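A.B. asks: My structure is below; once you've seen it, I'll send some questions.
The values are calculated or read from the model by the stated rules, or taken from the named source; none is laboratory data. Everything numeric in this text was worked out from a predicted model, so none of it was measured. Backbone-built Cβ (ideal geometry, glycine too); neighbour counts: all protein chains shown.
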Amino acid sequence: MNTIGKYLLGVAALILMTNCGNNNSNSNSGAMSSSKAEKVYVAPGEHDEYYAFFSGGYSGNITVAGLPSGRMLKEIPVFSQFPTSGYGYSEETKPMLNTSFGFVPWGDAHHPDISQTNGELDGRWIFINENNTPRIARISLETFETEEIIELPNSAGNHASSFVTENTEYIVAGTRFAVPNPQRDMPISEMKGQFKGPLSFVSIADNGRMNLEFQLNMPGFNYDLAHPGRNKSHGWFFFTSYNTEEANTLMEVNASQNDKDYIAAVNWKKVVEYVKNGGGKKVAGTYAHNVYDEKTHTATSTMKEGVISINPVEVEGAVFYIPIPKSPHGCDVDPSGEYIIGSGKLSTDLSVYSFEKVLKAIENKDFVADAYGIPVLSYENTIAGVVKQPGLGPLHTEFDGKGNAYTTFFISSEVVKWKLGTWEILDRQPTFYSVGHLMIPGGNSRKPFGKYMVAMNKITKDRYLPTGPELEHSAQLYDISGDKMELLSDFPTHGEPHYAAGIRADLIKEKSKKYYELSENEHPYAAKSESEATVTRNGKEVHISMTMIRSHFSPDNIEGVKVGDKVYLHMTNLEQDFDVPHGFSIIGANTSEILVMPGQTKTIIWEPKREGVWPFYCTDFCSALHQEMQGYIRVSAANSNTPIKYTLDDE
Amino acid sequence: MKSASIIMIIGSALLLGLFVFPLWSIELEAPQYPSGIGMNIHLDGLQGKEKHDLQNIDGLNHYIGMRKLPKADEMWEFSTFPKVIGGMAILGIIIGLLGLFKSISPKWFLAWLILMCVLGILGMYDFNAWMIDYGTNLDPKAIMKMTDADGNPLSYKPPLFGTKHILNFVAHSYPSIGAYMMGFGMFLTFVAFWMGNKKVKSLKA
Ligand SMILES: [Cu+2]
């Protein structure tokens, strides 16, 4: 009774304590006026409230930061080789960077977008596009690793991408640089009417697998940005285009002549139906589809051939153009799906279109012209309102879910808050300097988390301690929970973040993987225990399956390798605990080190060029005896007959 | 006598909880293990608190030369203890049933409790002896050979009951749910004896 009594008392005390704790935290968060420093301060050991995923632009990768602190949490390699982990260097991940042009070690990553269910962020995956060699990647938000990359044939400048429909049915990829489709040798000056701007639609299966379903072979304008319809406009996609002049040289002048360019409104559900009924025709197009398998820890690259191409004119009532002033860039849809905001970057006004009016204009066949057979709706009959003189160089708009919109202005370097429906300007705050995209976590979905807004700037100049001519880009964090935006902090971001995606941390952090189960490792060269470690020769190839555990390799002495061999080092980390990676590197390797997570197998190739006894070691300070985590490989002359021998502790 | 016998049955049946819940829990804390690492001691073997805790404890212990934690078939206790506890539970239930239908003397209840206490003490003694061996019988080739202030080899024996600092770890060793159920069950058998005894006395009076 005594013990039980104490036990019960203990439970009661615990309940009491937790209750007290709750009361305290409630009263804390209820405090009205906390300073800016307090708002961004995340105490040591505490977690940020939001994840923010910044595209790396020319780094080709994604960096993950916490908000509100702005602390960088991770860089996820996507389109670029990454020696930190061995991504793109290891045998398992090299196929991820395969394309129809061969191995492409670099990419230009622009627009991350998180998967959605019913228009709300669900935190399963994040997608990102590659602009230069058109590709889309899918990254798991359990492992924070790139799991799949699909190339987009017949496209060029994959900028209007990778935006997700509200049940993650499709991702689109536009063509920013109109090109001959199919590609052919022809005079550049004959581009007009000859070039095309295909819009690719990639479907997403329940397990995340991407499939290139069809390409809408649009007239050769430059499709710049896109946004899927939300809520009532679900089933539609909107793309901005510039260079409707179809100029091919000195574009800054020649592509800025038309008073209006177009937003393309695409009823993708209609197009999907058309394809389902056998519409479209298969055209040439070679593309790589690369998939990483978490069980074998290995990616495979498949080269695919052919894609269904659709002539937009042939799908009744599916594709329309809406005129928009002066070379638009951003194209955004508000959470209700009613308003489509087009930012003419040379215009001084913001044009907001009404989805209902667009539908009505289509119904009434209220067309003012046609462009290569695609009906052009009238500007006057589709416009919902104009935000008058908000600033200079409007680019992108996000929403707070409370009826307000926030638009960036590159030239006047500011964010302007305005009201949907009344078009009245509510507030403006400077950015430092020349803001491109902005991001409100969930701000392009049906349900934005309208607490913070991040401005991503193109120019840094004097915001931080100088670091020579080349600077990281600068971001600013604003509190948008009140009537006025409040600038909270500045923080540097890696590469050139074009866009970012943010999500409440609790939607991801609980399911974040801690390590891989060794028992589920299906890598063909995995050594799942020290007794399974082997060295085998197959002609000039030597396969070494080696294990790593605190604090030794097994085997750690290897003989019988010869000059001119191709040595595959298959490294398996036997640890089964959180945050115990081991690294591997060997002198003279022309690849990179590899960082192997617990339960994982990674392979790096070493081609020894000289006789000798060459050391290898663990690159990650894994334990108190990390310095001792090392070994030797003896390399004999090419014609020697040193037998294969491998030991640990001379056994 | 009827209610006393029922309490006797319930009390001894509570021992069966040990077949589901752990007897003892040892939890290790260190800065690098913010959510702790530890094991539950069940009647029939050890279990990590998290999936790979036993392996990770072994991994840590290899630096100081401790043996690997025993598998179920490596200690006779893990096959004997379930038999003893199962047998005692059945015996207690039978005595309770006899009390219910044959009205045997409540002294049988006390006898069961005394036997249970003796077995319990023997069990604890054995457990402690194993921990002393496990914590002091170290590999002479240990990577780290730690000594105390007097130069004697450090003992890594976890406490039998309580909290103790061992190098960078704080070890907490306490009974777990199964043991609480057993303790409460034993208390109930004492209540059964006391109630039965009072009833017998009042009948005699
Ligand atoms: Cu290591």
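A.B. asks: When you scan segment A:617-636, how many residues do you find that are surrounded by fewer than 23 Cβ atoms within 10 Å (Cβ to Cβ), more than 14 Å from chain B (Cβ to nearest Cβ) and not small (Gly, Ala, Ser)?
C.D. replies: So the count comes out to 6.
A.B. asks: Given the residues A:SER256, A:SER309, which is the only one that is polar (S, T, N, Q) and in a strand (DSSP E or B)? Quick ask: steps written out before the conclusion?
C.D. replies: Numbers: A:SER256 fails: in a strand (DSSP E or B).
Step by step, each of A:SER256, A:SER309 is checked, and only A:SER309 is polar (S, T, N, Q) and in a strand (DSSP E or B).
A.B. asks: Please determine, by comparing only the residues of segment A:593-611 that are over 28 Å from the mean Cα position of the chain (by Cα) and either assigned to a loop (DSSP other than H, G, I, E, B) or within 12 Å of the ligand (Cβ to nearest atom) (or both), which one is farthest from the other protein chains (Cβ to nearest Cβ).
C.D. replies: A:LYS609
A.B. asks: Right, next: Please work out if B:GLY123 is modelled with pLDDT under 90 and away from every other protein chain (no Cβ under 14 Å).
C.D. replies: No: the conditions fail for B:GLY123.
A.B. asks: Among A:GLY279, A:GLY342, A:GLY330, which is the only one that is among the small types (Gly, Ala, Ser) and either surrounded by fewer than 16 Cβ atoms within 10 Å (Cβ to Cβ) or in a loop (DSSP other than H, G, I, E, B) (or both)?
C.D. replies: Checking each option against the conditions leaves just A:GLY279.
A.B. asks: In the set B:LEU154, B:LEU138, which member is surrounded by 15 or more Cβ atoms within 10 Å (Cβ to Cβ) and touching a Ser or Thr at 6+ places or on another chain (Cβ under 8 Å)?
C.D. replies: Result: B:LEU154 is the single residue among B:LEU154, B:LEU138 that is surrounded by 15 or more Cβ atoms within 10 Å (Cβ to Cβ) and touching a Ser or Thr at 6+ places or on another chain (Cβ under 8 Å).
A.B. asks: Which members of segment A:624-637 meet the condition of being in a loop (DSSP other than H, G, I, E, B) and more than 16 Å from the ligand (Cβ to nearest atom)?
C.D. replies: Within segment A:624-637, A:ALA637 is the sole residue that qualifies.
A.B. asks: Are there any pairs, at least 6 apart or on different chains, whose C-beta atoms fall under 6 Å, with the first in segment A:534-553 and free of Cβ contacts under 8 Å to residues at least 40 places away in the same chain and closer than 26 Å to A:PHE621 by Cα and the second in a strand (DSSP E or B) and within 16 Å of the ligand (Cβ to nearest atom), and if so, which?
C.D. replies: Pairs found: A:MET546/A:PHE553; A:MET546/A:MET571; A:THR547/A:SER554; A:THR547/A:THR572.
A.B. asks: Is it the case that segment B:25-42 has a residue that's in a strand (DSSP E or B), over 30 Å from B:LEU98 (Cβ atoms), aromatic (Phe, Trp, Tyr) and touching a Pro at 6+ places or on another chain (Cβ under 8 Å)?
C.D. replies: no
A.B. asks: Now for a separate question. Select from segment A:97-133 the residues that are in a loop (DSSP other than H, G, I, E, B) and touching a residue at least 40 places away in the same chain (Cβ under 8 Å) and list them in ascending order.
C.D. replies: Within segment A:97-133, A:SER100, A:TRP106, A:GLY107, A:ASP108, A:HIS110, A:HIS111, A:PRO112, A:ASN118, A:GLY119, A:ASN131 qualify.
A.B. asks: Considering only residues that are within 16 Å of the ligand (Cβ to nearest atom) and of a type in the set (Phe, Trp, Tyr), look in segment A:534-583 and name the one that is nearest to B:GLU50 (Cα to Cα).
C.D. replies: Filtering segment A:534-583 for residues that are within 16 Å of the ligand (Cβ to nearest atom) and of a type in the set (Phe, Trp, Tyr), the one nearest to B:GLU50 (Cα to Cα) comes out as A:PHE578.
A.B. asks: Out of all the residues in segment B:153-169, which are among the polar types (S, T, N, Q) and away from chain A (no Cβ under 14 Å)?
C.D. replies: Scanning segment B:153-169 gives B:SER155, B:THR163.
A.B. asks: Do we find a residue being surrounded by fewer than 17 Cβ atoms within 10 Å (Cβ to Cβ), in contact (Cβ under 8 Å) with a residue 40 or more places away in the chain and not in a helix (DSSP H, G or I) anywhere in segment B:95-107?
C.D. replies: Yes - at least one qualifying residue is present in segment B:95-107.
A.B. asks: Exactly one of these conditions fails for A:MET303: (1) modelled with pLDDT of 95 or more; (2) within 30 Å of A:ILE411 (Cβ to Cβ). Give me its number.
C.D. replies: All conditions pass for A:MET303, except number (2).
A.B. asks: How many residues does segment A:546-573 contain that are part of a strand (DSSP E or B) and either within 22 Å of A:ALA637 (Cβ to Cβ) or within 14 Å of chain B (Cβ to nearest Cβ) (or both)? Let's see the steps before the verdict.
C.D. replies: Taking segment A:546-573 first, the residues part of a strand (DSSP E or B) are A:546-549, A:552-554, A:557-562, A:566-573.
If we keep only those that are either within 22 Å of A:ALA637 (Cβ to Cβ) or within 14 Å of chain B (Cβ to nearest Cβ) (or both) too, we end up with A:547-549, A:552, A:554, A:557-562, A:566-569, A:573.
The number of residues fulfilling the criteria is 16.
This table checks each residue for (1) crowded, with 16+ Cβ neighbours inside 10 Å; (2) part of a loop (DSSP other than H, G, I, E, B).
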{"position": "A:GLY442", "(1), (2)": "yes, yes"}
{"position": "A:PHE449", "(1), (2)": "yes, yes"}
{"position": "A:MET453", "(1), (2)": "yes, no"}
{"position": "A:LYS461", "(1), (2)": "no, yes"}
{"position": "A:LEU465", "(1), (2)": "no, yes"}
{"position": "A:GLU470", "(1), (2)": "no, yes"}
{"position": "A:TYR478", "(1), (2)": "yes, no"}
{"position": "A:LYS484", "(1), (2)": "no, yes"}
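A.B. asks: Would you check which residues across segment B:170-205 are away from every other protein chain (no Cβ under 14 Å) and either under 16 Å from B:GLY120 (Cβ atoms) or of a type in the set (A, V, I, L, M, F, W, C) (or both) and list them?
C.D. replies: Within segment B:170-205, B:VAL170, B:ALA171, B:PHE193, B:MET195, B:VAL200, B:LEU203, B:ALA205 qualify.
A.B. asks: Any idea which of A:GLY401, A:GLY443, A:GLY468 is out of contact with any Phe, Trp or Tyr (no Cβ under 6 Å at 6 or more places or on another chain) and either within 24 Å of A:ALA384 (Cα to Cα) or modelled with pLDDT under 95 (or both)?
C.D. replies: Answer to the check: A:GLY401.
A.B. asks: In segment A:612-623, how many are within 37 Å of the chain's Cα centre (by Cα) and more than 9 Å from the ligand (Cβ to nearest atom)?
C.D. replies: Within segment A:612-623, the first condition is being within 37 Å of the chain's Cα centre (by Cα), and the residues that meet it are A:616-623.
If we keep only those that are more than 9 Å from the ligand (Cβ to nearest atom) too, we end up with A:616.
The number of residues fulfilling the criteria is 1.
A.B. asks: Look through segment B:44-60, keep the residues that are more than 11 Å from every other protein chain (Cβ to nearest Cβ) and in a loop (DSSP other than H, G, I, E, B), and return whichever of them is surrounded by the fewest Cβ atoms within 10 Å (Cβ to Cβ).
C.D. replies: The extreme case among them is B:ASP44.
A.B. asks: Which residue out of A:GLY88, A:GLY56 is in contact (Cβ under 8 Å) with a residue 24 or more places away in the chain and either surrounded by fewer than 24 Cβ atoms within 10 Å (Cβ to Cβ) or over 30 Å from A:ASN231 (Cβ atoms) (or both)?
C.D. replies: A:GLY56
A.B. asks: Now for a different question. Identify, by number, the condition in (1) touching a Leu at 6+ places or on another chain (Cβ under 7 Å); (2) more than 14 Å from every other protein chain (Cβ to nearest Cβ) that B:ASP150 doesn't meet.
C.D. replies: Exception for B:ASP150: condition (1).
A.B. asks: Separate question: Which one is farthest from the other protein chains (Cβ to nearest Cβ) among residues in segment A:577-592 that are more than 18 Å from A:ALA624 (Cα to Cα) and in contact (Cβ under 8 Å) with a residue 40 or more places away in the chain?
C.D. replies: Going through the qualifying residues, I end up with A:THR591.
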